[in-house]
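J.: Dropping the structure in here first, questions after.
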Amino acid sequence: MRKQIVAGNWKMNNDLAQTEALITELKKQTKTSNAAVMVAPTFTNLWQAYQSLKGSNIEVIAQNMHFAKNGAYTGEVSASMLKSVGVNTVILGHSERREYFNETDDMLAKKVDAALESGMNIIFCFGEVLEDRKSGNHEKVVEEQIKNALFHLDSSSFFNIVLAYEPVWAIGTGETATPEQAQDMHAFIRKTLANKYGANVAETVSILYGGSVKPNNAQEIFSKPDVDGGLIGGASLNAEDFFAIANAF
Ligand code: 13P
């Protein structure tokens, strides 16, 4: 059975006090979701968030990490540093990292290897820009992103990997992919996995959708057979909205 997951990517939002306030609100939400629920605060607040959410059903995850174990990489954070503050899952390949911080497929392949070597779980993001969608290249672009960063792995690595399809044109824009567009792409991703690793791997990897998921559209998107949950940006900064989404299966 594939795992249903709703993960909140808080991006570069919320200082320590705001993080604590949001966590207090999250802990008040009584309707527990059937999905695995995760939140990704910024690095400086991971330890506090981990402490505050210990014993709850909400996992604290990181938004990024470096591929090196340690060393002269000013401003960076390693897998072992994340693990030392209770974090066992990391988001890699987010389009904002690719666009603003020049993260390439090669670099992401190294990050994937480093995370897996450290025993971490990965939410691996990818997605096409609007021009690719308009020109009909979206499947090719997504296939390349997946192949270049992940297809050197053996099939057992996929026990620790969740995929997140986030069309760049739908992130923070209020424009969501239609449930059919999401389903078509997720089915294509599963087919791509099946061609390389076989049906078993393809059927067991969770594939999340991200891009303007809100309480009023989550249910329809999550109802699609190949959509196993969501990676939520803006709406995850409001506890009530986030839990409405986490309960939209
Ligand atoms: P929005 O939900 O704000 O569109 O962001 C999606 C996202 O980038 C999650 O990683």
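J.: Being more than 16 Å from the ligand (Cβ to nearest atom) and closer than 11 Å to residue 121 by Cβ is the filter here, so list the residues in the range 84-97 that pass it.
T.: Once the filter is applied, which keeps residues that are more than 16 Å from the ligand (Cβ to nearest atom) and closer than 11 Å to residue 121 by Cβ, the range 84-97 yields 87, 88.
J.: Which numbered condition in (1) buried (at least 21 other Cβ atoms within 10 Å of the Cβ); (2) within 20 Å of residue 93 (Cα to Cα) is the only one that residue 218 fails?
T.: Unmet for residue 218, out of (1) buried (at least 21 other Cβ atoms within 10 Å of the Cβ); (2) within 20 Å of residue 93 (Cα to Cα): (2).
Results for (1) more than 16 Å from residue 4 (Cα to Cα); (2) open to solvent by 10 Å² or more (accessible area, probe 1.4 Å); (3) out of contact with any strand residue (DSSP E or B) (no Cβ under 7 Å at 6 or more places or on another chain), shown as yes or no for each residue.
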position	(1), (2), (3)
122	no, no, no
128	yes, no, yes
133	yes, yes, yes
147	yes, yes, yes
151	yes, yes, yes
173	yes, yes, yes
182	no, no, no
185	yes, no, no
195	yes, yes, yes
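Residues checked against (1) touching a helix residue (DSSP H, G or I) at 6+ places or on another chain (Cβ under 8 Å); (2) under 21 Å from residue 112 (Cα atoms); (3) among the small types (Gly, Ala, Ser):
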site	(1), (2), (3)
123	no, yes, no
136	no, no, yes
157	yes, yes, yes
163	yes, yes, no
193	yes, yes, no
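J.: Against the condition away from the ligand (no atom under 16 Å from the Cβ), in contact (Cβ under 8 Å) with a residue 24 or more places away in the chain and either closer than 18 Å to residue 195 by Cα or open to solvent by 40 Å² or more (accessible area, probe 1.4 Å) (or both), how does residue 109 come out, does it pass?
T.: Criteria not met by residue 109.
J.: Still on this structure, I have one more. For residue 85, which of the numbered conditions (1) over 21 Å from residue 206 (Cβ atoms); (2) under 19 Å from the mean Cα position of the chain (by Cα); (3) among the β-branched types (Val, Ile, Thr) fails to hold?
T.: Residue 85 satisfies every listed condition except (2).
J.: Any idea which of 142, 90 is in contact (Cβ under 8 Å) with a residue 24 or more places away in the chain, β-branched (Val, Ile, Thr) and in contact with an Asp or Glu (Cβ under 8 Å, 6 or more places away or on another chain)?
T.: Only one candidate qualifies: 142.
J.: Residue 8 fails exactly one of the following numbered conditions: (1) more than 16 Å from the ligand (Cβ to nearest atom); (2) touching a residue at least 12 places away in the same chain (Cβ under 8 Å). What is the number of that condition?
T.: Just one mismatch for residue 8, condition (1).
J.: Shifting gears a bit: For the range 104-153, which positions are of a type in the set (Val, Ile, Thr) and under 18 Å from residue 182 (Cα atoms)?
T.: 123, 129, 141, 142, 146
The values are calculated or read from the model by the stated rules, or taken from the named source; none is laboratory data. All values derive from a computational prediction rather than experimental measurement. Glycine gets a Cβ as well: all are built from the backbone with ideal geometry, and neighbour counts include every protein chain shown. Areas reflect the complete protein model, heavy atoms only, side chains present, ligands, DNA and RNA absent. Shrake-Rupley method; radii C 1.70, N 1.55, O 1.52, S 1.80 Å.
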